[in-house]
Amino acid sequence: MIGGLVPRSSHRIASFVLLSGGVVMVFAGLTTALGFSTTGVIASAAAIAALLYAGGVWFGPSARADVSVVVFTPALTVAAGPYAGRSVADLYPLALRKVIDAHCRAAIEGRSQRFSPAAGRTFEAAPVRGADGAVVYGVLVADAATPERAAAAG
C-alpha cells in the first residue's frame with residue numbers, strides 16, 4: 001500500500017472474485033428457478049453471457065485520447081482534456097519518459113527543441129508564452145513533422 005492507495009493488482013483480484021461469485025450465484029439462482037433442465041441451464045448461461053457483454057461494453061475502457069499534441073503546465077502535468085492533471089511523461093512508453101521529461105522541463109525554461117528519443121519517433125517541445133512574454137505553458141508535439149517528412153509527403 002503506497003500513499004493510502006491499494007495496489008492495482010489487488011483491485012483486479014477483488015474484481016475477479018466478485019465477478020466469479022456473481023456468475024456462480026446468478027447461474028445457480030436461474031437454474032433453480034427454471035428447473036434443473038437442459039433448457040434452464042442454457043437460459044442461465046445465455047443470461048450470464050448477455051450480462052457480462054453488457055457490463056463489458058458499459059464499464060469497459062473508453063477509446064484512448066489522442067496524445068499527439070499535449071499542452072502542459074510548469075509542473076509538467078497535462079493542462080486540459082481527458083488526461084488533465086497527469087504527468088506528461090506518463091502518457092508515453094516507459095523507455096521514452098526520462099527524455100520527454102527533460103525536454104519538457106527545457107520548454108518550461110524557454111527553450112524549444114526537436115528530439116528523437118526512439119527510432120521513428122520525433123517530438124517537439126516548445127514554450128507557450130503569455131502576453132507579457134513569460135512562459136505560462138509548454139506544448140509537446142509527438143511525431144512532429146520534420147523537413148524530411150514534409151518533403152516526402154509533398
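Residue by residue, here is whether (1) in contact (Cβ under 8 Å) with a residue 12 or more places away in the chain; (2) surrounded by 14 or more Cβ atoms within 10 Å (Cβ to Cβ); (3) not assigned by TED's automatic domain parsing to the domain that holds S20 holds:
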{"position": "A43", "(1), (2), (3)": "yes, yes, no"}
{"position": "I48", "(1), (2), (3)": "yes, yes, no"}
{"position": "A54", "(1), (2), (3)": "no, no, no"}
{"position": "A95", "(1), (2), (3)": "yes, no, yes"}
{"position": "K98", "(1), (2), (3)": "no, no, yes"}
{"position": "G110", "(1), (2), (3)": "yes, no, yes"}
{"position": "R121", "(1), (2), (3)": "yes, yes, yes"}
Q: Could you grab me the full set of residues in segment 75-93 that are surrounded by 16 or more Cβ atoms within 10 Å (Cβ to Cβ) and of a type outside the set (S, T, Y)?
A: L76, V78, A79, V88, A89, L91
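The values are calculated or read from the model by the stated rules, or taken from the named source; none is laboratory data. Computed from a predicted structure; not experimentally measured. Quick reminder, even Gly has a Cβ in these numbers, built from the backbone with ideal geometry, and neighbours come from all protein chains shown.
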